[in-house]
1. Counting pairs of alpha carbon atoms under 8 Å apart in space and at least six apart in sequence, what relative contact order in percent does chain B give?
2. Around A:S85, which amide H atoms from residues at least 5 apart in sequence, or from another chain, sit under 5 Å from its own amide H, with H modelled in the peptide plane?
3. Residues of the stretch B:32-68 with amide nitrogen under 19 Å from the 7 Å Cα-to-Cβ point of B:N18?
4. Using a 10 Å cut-off on Cβ to Cβ distances, tally the other chain neighbours for every residue of A:101-110 and report the average as a whole number.
5. Within the set B:K57/B:K83; A:K99/B:K14; B:K9/B:K57; A:K37/B:K9; A:K107/B:K14; A:K71/B:K70, which residue pairs have Cα atoms separated by over 29 Å?
6. Looking at B:Q56, B:N84, B:A102, which one has the Cα that reaches farthest to the positive end of the dipole of chain B (charges on Cβ: Lys, Arg +1; Asp, Glu -1)?
7. Which ³J(HN,Hα) values in Hz, rounded to whole numbers, follow from the phi angles of the stretch A:54-69 under the Karplus curve 6.51 cos²θ - 1.76 cosθ + 1.60, where θ = phi - 60° and Gly and Pro get x?
8. In percent, how large is the relative contact order of the stretch A:60-102, given Cα pairs closer than 8 Å and 6 or more residues apart?
Amino acid sequence: DQQVKQNSPSLSVQEGRISILNCDYTNSMFDYFLWYKKYPAEGPTFLISISSIKDKNEDGRFTVFLNKSAKHLSLHIVPSQPGDSAVYFCAASAWGYQKVTFGTGTKLQVIP
Amino acid sequence: DGGITQSPKYLFRKEGQNVTLSCEQNLNHDAMYWYRQDPGQGLRLIYYSQIVNDFQKGDIAEGYSVSREKKESFPLTVTSAQKNPTAFYLCASSEQGLNTEAFFGQGTRLTVV
């Protein structure tokens, strides 16, 4: 049972445009969400997070939006740069639980 | 520099052999984790440890074993009981448990032939 879903395995965007990566979850207990970026043959690196008490969090070019009623979050990258090309993982956890559940990842390609 | 180190980066083993993957961190983190990545499967939690001398099974613990004798170290043994051991293994650590940012190592690519 995939509790965190990233339904788009890949996404291509032109440099300078907006990249929108989507993530859906099914467990209503999740209250903390994270995005990680991963290059091939490397470990993921933390990008941005959001708590369920907020619906938006920004960090430079990266913004995460959370829609709790729809159990949906999205990561916006503006403007997209070629160096953003990587696999992006959405992850979710619940207070009191001892583990984070990861999505299957979306491979972003930013075309120069 | 502080960080988390996995070794080796690539590992080859014959089927039926146990193999141990190393994970060391100097971030003074209490919590450490092992994940496995397979194509199209995301990251799946194998084992985690919140404190020295204590660890818990994750979602796919069968065929794996761990130890946490020191705060800095969390080795993972892939036993011969693991049916599909070929994968990319990632170790991570965090300060307070999984509701905070986790720092990942570079990963170990294990190939069993």
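1. Working: 295 pairs, mean separation 39.4, N = 113.
The normalised contact order for chain B reaches 35 percent.
2. It is A:V110, by chain and number.
3. Those under the cut-off are B:34, B:46-48, B:53-58, B:61-68.
4. Details: counts 6, 7, 2, 7, 6, 0, 0, 0, 0, 0.
For peptide A:101-110, the averaged partner shielding equals 3.
5. Numbers: B:K57/B:K83 17 Å; A:K99/B:K14 32 Å; B:K9/B:K57 24 Å; A:K37/B:K9 19 Å; A:K107/B:K14 32 Å; A:K71/B:K70 39 Å.
Result: A:K99/B:K14; A:K107/B:K14; A:K71/B:K70 exceed 29 Å.
6. So the residue furthest toward the plus end is B:N84.
7. Once θ is set to phi - 60°, the couplings for the stretch A:54-69 become 10, 10, 7, 9, 10, 8, x, 7, 10, 9, 10, 10, 10, 10, 5, 5 Hz.
8. On the way: 34 pairs, mean separation 10.8, N = 43.
Result for the stretch A:60-102 is 25 percent.
We did not get these values from a lab; they are worked out from the coordinates using the rules stated. Everything numeric in this text was worked out from a predicted model, so none of it was measured. Backbone-built Cβ (ideal geometry, glycine too); neighbour counts: all protein chains shown.
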